[in-house]
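**Q** Here's a structure for you.
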There are 2 protein chains.
Amino acid sequence: MGRMPTFLGQYTYTLDEKGRVSLPAPFRREAEEQRFVLLQVHPPALALYPESAWREVEDRLRGVLRNDPDARYWVLRVMSSAVEVVPDSQGRILIPSRLQDCAHLSGQVLMVGVIDKVELWNPSEFEGAVEGKEGDFARYAPQIFR
Amino acid sequence: MGRMPTFLGQYTYTLDEKGRVSLPAPFRREAEEQRFVLLQVHPPALALYPESAWREVEDRLRGVLRNDPDARYWVLRVMSSAVEVVPDSQGRILIPSRLQDCAHLSGQVLMVGVIDKVELWNPSEFEGAVEGKEGDFARYAPQIFR
DNA sequence: GAGGCAGTGGGGAATAGTGGGGATCCAGGC
DNA sequence: GCCTGGATCCCCACTATTCCCCACTGCCTC
């Protein structure tokens, strides 16, 4: 098996009237495979997993179900929000309107590469979520960028 | 895999109208690999990691995400500032305008080799950041240059 | 003095993002 | 049963950006 695709960077693209967004070319190149899974993991963001990374998530879900019966409904909820998406010949993916609503997407979509997945955000909500996190640099940077 | 590249010294080069800077030839020779990751670690400086060093950072980021859910937004912030950059055939890298703004870069860029990465500074801000730190010599030098 | 390397500048071609047309399929209504 | 409206999918087309390459200059070496 090849190296797992990894993602980084941010791109803001338009969500057209048909509910499509272009997947940034670097992301497309990274995941030369075709299929992705799109779902809501950390609301309000959507998460887009390339197939290979999704399989690992699936394994972990199986594990949780085995060890913790209370997780059943949570797993149901997560899985029911998921869709398999395949880029069209122009490299765009279709975001079902149900998921657009969950993530408050319209007009512009911010796509952020976060290691093994891509997160889709309403641009201003993302701004609000990460602003004021400069203080955390002192907390985390020494152990990460040592 | 070969030895990790290490960098030292400072070079001031021009940022041209297309947003490109030449990577100093010694740095290029050191990292004969092609790809780098450019991001904002300690504002206002930018950090340029050769691919091999970046992979280690990425592993540590994965770890922090797993162990400390509070780190999520900080990781998002860091990853969203990142870009993969590849020197062109003249050995220049392109600095996206978003990052130029973050680091207040224009005209001249100061590139400092700091062990496993290269930092990019606005020359006068660098001046301000390190000035008045002479006293620290007495504090650190004995244990380092013993 | 000639050759090579390094930094800088710029132009042309391939690519990426975006919009939209048209065919196919399904559901509902007449 | 047939027609109609809507949704989905697939492909074509336009344009601005990006990137790739060629070219110039100064310096250092041989």
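**Q** Find the sum over both chains of the accessible area lost when B and A are paired, probe 1.4 Å, and report it in Å² to the nearest 100.
**A** The buried area between B and A, both sides summed, comes to about 2800 Å².
**Q** Most fluctuating residue of B:LEU38, B:LEU120, B:LEU23 in a GNM of chain B with Cα springs under 10 Å: which is it?
**A** In the Gaussian network model the winner is B:LEU23.
**Q** Here's another thing I want to ask about it. Shortest first, in nm, what separates the label point of B:ILE115 from those of the same position in the other copies (7 Å along Cα→Cβ)?
**A** 2.2
**Q** Another one. Averaged per residue, what accessible surface does chain B expose to a 1.4 Å probe, in Å²?
**A** Accessible surface, normalised per residue, equals 55 Å².
**Q** Could you run the Debye sum over the Cα atoms of the protein assembly as shown, one equal point scatterer each and no solvent, and tell me log10 of I(q)/I(0) at q = 0.14 Å⁻¹, two decimals?
**A** For the protein assembly as shown at q = 0.14 Å⁻¹, log10 I(q)/I(0) is -1.13.
**Q** Using a 1.4 Å probe and ignoring any ligands, DNA or RNA, find the accessible area of B:MET4 and quote it in Å² to the nearest 10.
**A** Counting only protein heavy atoms, the figure is 50 Å².
**Q** Related question: Identify which of B:GLU119, B:GLU84, B:GLU56 has the largest mean-square fluctuation in a Gaussian network model of chain B, with springs joining Cα atoms closer than 10 Å.
**A** B:GLU56
**Q** Could you grab the Rg to Rh ratio for the stretch A:1-76? Cα atoms only, Kirkwood for Rh.
**A** On the Cα set of the stretch A:1-76, Rg over Rh gives 1.03.
**Q** Then there is this: Indicate the gyration tensor shape class of the stretch B:7-144 (rounded, prolate or oblate), computed on the Cα atoms with a ≥ b ≥ c the square roots of the eigenvalues: a/c under 1.5 is rounded; otherwise a/b larger than b/c is prolate and the rest oblate.
**A** Cα axes put the stretch B:7-144 in the rounded bin.
**Q** Another one. Quick one: with label points 7 Å out along Cα→Cβ, list the inter-copy distances for B:PRO142 in nm, shortest first?
**A** 2.1
**Q** Taking chain B as a Gaussian network, where each spring joins two C-alpha atoms under 10 Å apart, which residue of B:LEU46, B:LEU94, B:LEU61 fluctuates the most?
**A** It is B:LEU61.
**Q** Which distances in nm, rounded to one decimal and ordered from shortest, link the label point of B:ALA25 to the equivalent label points in the other identical copies, with labels set 7 Å from Cα toward Cβ?
**A** 3.1
The values are calculated or read from the model by the stated rules, or taken from the named source; none is laboratory data. Because the structure is predicted, anything quoted here is derived from the model rather than measured. Don't worry about glycine lacking a Cβ; one is built from the backbone with ideal geometry, like all the others, and counts go over all protein chains shown. Accessible surface is based on the protein model in full, side chains and every heavy atom, while ligands, DNA and RNA are left aside. Shrake-Rupley method; radii C 1.70, N 1.55, O 1.52, S 1.80 Å.
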